Amino acid sequence: MGTTTLVRPGLAELIAGVRVAATRHAEDPRRAAHAVADVLRASPALGTDILTAAERTETRGHVLHAEADFSITAIVWSPGQITRIHDHIAWCAFGVLEGVEHETLYRDNGDHLTEIGQTANHVGDVSGFAPPGDIHRVHNTSTTNAISLHIYGADLSVAGSSVRRYYDIPVR
Ligand SMILES: [Fe+2]
């Protein structure tokens, strides 16, 4: 009986660490992304038990925290799921909790995109990036769910989405 408070292991400490890093580098999104990535890399929150067993089966974004300067979202990707090509409204740091996430990076040439790189992100891999130059798509190429933790430099409870633009122009 009564209510139970859900404890997400490491989340409170992660929030505190991200707040320090994001504030320190508020004028430089690229440095903020890298500093937040360093915080995430060292965080016990970088494990699947940040979500409940039930949440790990729900293939969507789970917003775990949002405040004025950043938000923390765990995304559960279904097998084969692929995003549209997009970029973001703010810096982002992300780490893989389960599975493998293939990321493809693009350059915007106005009327078309050029592929400029591919990365396979495995469990424990963390990286950070910031706009401009963050045009990408993410693909869960495996036959199981993949889970990643994303920290964006924006209040997603206000912004609604972290996406700045979807790119529906040809890739050459
Ligand atoms: Fe993205």
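Annotation: per residue accessible area for the chain equals 50 Å², rounded to a whole number [probe 1.4 Å, protein chains only]. Backbone phi angles across the stretch 94-106, fed through the Karplus curve with coefficients 6.51, -1.76 and 1.60 (θ = phi - 60°), yield HN-Hα couplings of 9, x, 9, 9, 7, x, 10, 10, 8, 10, 10, 9, 10 Hz in residue order; Gly and Pro are listed as x. Taking θ as phi - 60° and the Karplus parameters 6.51, -1.76 and 1.60, the scalar couplings of the stretch 52-57 work out to 6, 4, 5, 4, 5, 9 Hz in sequence order, x denoting glycine and proline. All other residues with a Cβ under 10 Å from the Cβ of Phe70 taken together, and with Lys, Arg as +1 and Asp, Glu as -1, what is their net charge? Net charge in that neighbourhood comes out at -2. In terms of packing, defined here as the mean over residues of other Cβ atoms within 10 angstrom, the peptides 88-99, 62-73 line up highest first as 88-99, 62-73. At a threshold of 8 angstrom on Cα-Cα distance, excluding pairs fewer than six apart, so keeping six or more, what relative contact order does the stretch 17-172 reach in percent? Rounded, it is 31 percent for the stretch 17-172.
Residue by residue, the stretch 141-149 carries 3J(HN,Hα) couplings of 7, 8, 9, 10, 4, 10, 10, 9, 9 Hz when phi is fed to the Karplus relation 6.51 cos²θ - 1.76 cosθ + 1.60 (θ = phi - 60°); x denotes Gly or Pro.
Could you please state, rounded to a whole Å, how far the C-alpha centre of the stretch 132-172 is from the C-alpha centre of the stretch 58-87? When both Cα centres are located, 8 Å separates them.
Remark: the chain carries a charge dipole of roughly 40 debye about the Cα centre, counting +1 on each Lys and Arg Cβ and -1 on each Asp and Glu Cβ. Give the calculated FRET efficiency between Arg164 and Ala16 to the nearest 0.05, with a Förster radius of 30 Å applied to their Cβ-Cβ distance. The computed FRET efficiency comes out at 0.60.
Summing +1 for each Lys or Arg and -1 for each Asp or Glu, what net charge is found among the other residues whose Cβ lies under 12 Å from the Cβ of His25? Spelling it out: positives minus negatives among the neighbours equals 0.
The values are calculated or read from the model by the stated rules, or taken from the named source; none is laboratory data. Bear in mind that the values here come from a model prediction, so they are computed numbers and not experimental data. Note: ideal-geometry Cβ built from the backbone for every residue, glycine included; neighbour counts use all protein chains shown. Each accessible area value is taken on the protein alone, full model and side chains, heavy atoms only, with ligands, DNA and RNA left out. Shrake-Rupley method; radii C 1.70, N 1.55, O 1.52, S 1.80 Å.
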